[in-house]
Amino acid sequence: MDERKFFIETVEPFGPEVGRLISMMEYTRYTTFREVEGLTLQQLDTKVEGCDNSIGMLLLHMASVEEAFQIMTFGERDLTDEEWSRLESGIDLMGIDGNEAAFYVDRLAEVRKRTLELFAGVGDEWLDRQSPFGWDHPANHYFKWFHVFEDELNHRGQIRLIVKELKKRESN
């Protein structure tokens with residue numbers, strides 16, 4: 001991120017509303033990457049008391065949720081069985097172990113690159129388009145993409161708690 005990371009503003013080549021949304025999503029991702037910088041494989045795989053997820057599981061979840069929302073919003077459809085099979089372990093926070101931080105960072109960056117490409121092809125009015133959300137709730141695309149980075153923010157909070165606990169353990 002550049003020196004403008006603390007501004008929510010229009011980002012080229014996006015329209016004003018899409019640009020502001022992208023601005024918030026990019027800052028969220030920046031802070032997620034900063035939080036996991038330098039973590040070891042063991043730290044990424046460790047579960048701490050009170051949390052059923054490892055940091056690695058949470059990072060894979062973030063990437064999987066974002067990819068699923070790409071399909072559901074830009075593709076305007078549900079996931080196919082094949083897509084669900086590929087994304088299920090990340091979305092449902094199933095166990096995954098043995099990956100270095102670069103695996104998760106690369107996956108998150110790859111998914112985000114595709115998200116930005118897709119957003120470059122829509123205008124601000126696309127954000128207002130409505131479709132089902134969850135089982136029976138209508139929502140617009142703006143809310144759905146807010147939900148994507150809201151989910152990341154929530155899980156980044158979990159990551160911070162796990163890191164804090166790991167550091168406490170290591171100092172004892």
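The values are calculated or read from the model by the stated rules, or taken from the named source; none is laboratory data. As the structure is a computational prediction, the values presented were derived from the model and not from experiment. No Cβ is skipped: glycine too gets one built from the backbone with ideal geometry, and neighbour counts run over all protein chains shown. Side chains included, ligands, DNA and RNA excluded: accessible areas come from the protein's heavy atoms. Shrake-Rupley method; radii C 1.70, N 1.55, O 1.52, S 1.80 Å.
Quick check, is residue 49 among the acidic types (Asp, Glu) and touching a strand residue (DSSP E or B) at 6+ places or on another chain (Cβ under 8 Å)? It is false that residue 49 is among the acidic types (Asp, Glu) and touching a strand residue (DSSP E or B) at 6+ places or on another chain (Cβ under 8 Å). Against the criterion of being under 13 Å from the mean Cα position of the chain (by Cα) and small (Gly, Ala, Ser), residue 121 does not qualify. Within the set 7, 74, the sole residue that is among the aromatic types (Phe, Trp, Tyr) and in contact (Cβ under 8 Å) with a residue 40 or more places away in the chain turns out to be 74. Comparison of 106, 81, 97, 45 shows that the only residue that is under 16 Å from the mean Cα position of the chain (by Cα), farther than 14 Å from residue 155 by Cα and not basic (Lys, Arg) is 106.
The residue that is modelled with the lowest pLDDT, among those in region 69-78 that are of a type outside the set (Ser, Thr, Tyr) and within 19 Å of residue 152 (Cβ to Cβ), is 72.
Counting only helices (runs of 4 or more DSSP H) that sit completely within region 13-105, those holding 3 or more residues that are among the charged types (D, E, K, R) and open to solvent by 50 Å² or more (accessible area, probe 1.4 Å) correspond to 16-36, 81-91. Taken over region 110-156, the criterion of being open to solvent by 30 Å² or more (accessible area, probe 1.4 Å), under 21 Å from residue 61 (Cβ atoms) and either at pLDDT 95 or above or assigned to a helix (DSSP H, G or I) (or both) is satisfied by 110, 113, 114, 116, 118, 143, 146, 147, 150, 153, 154.
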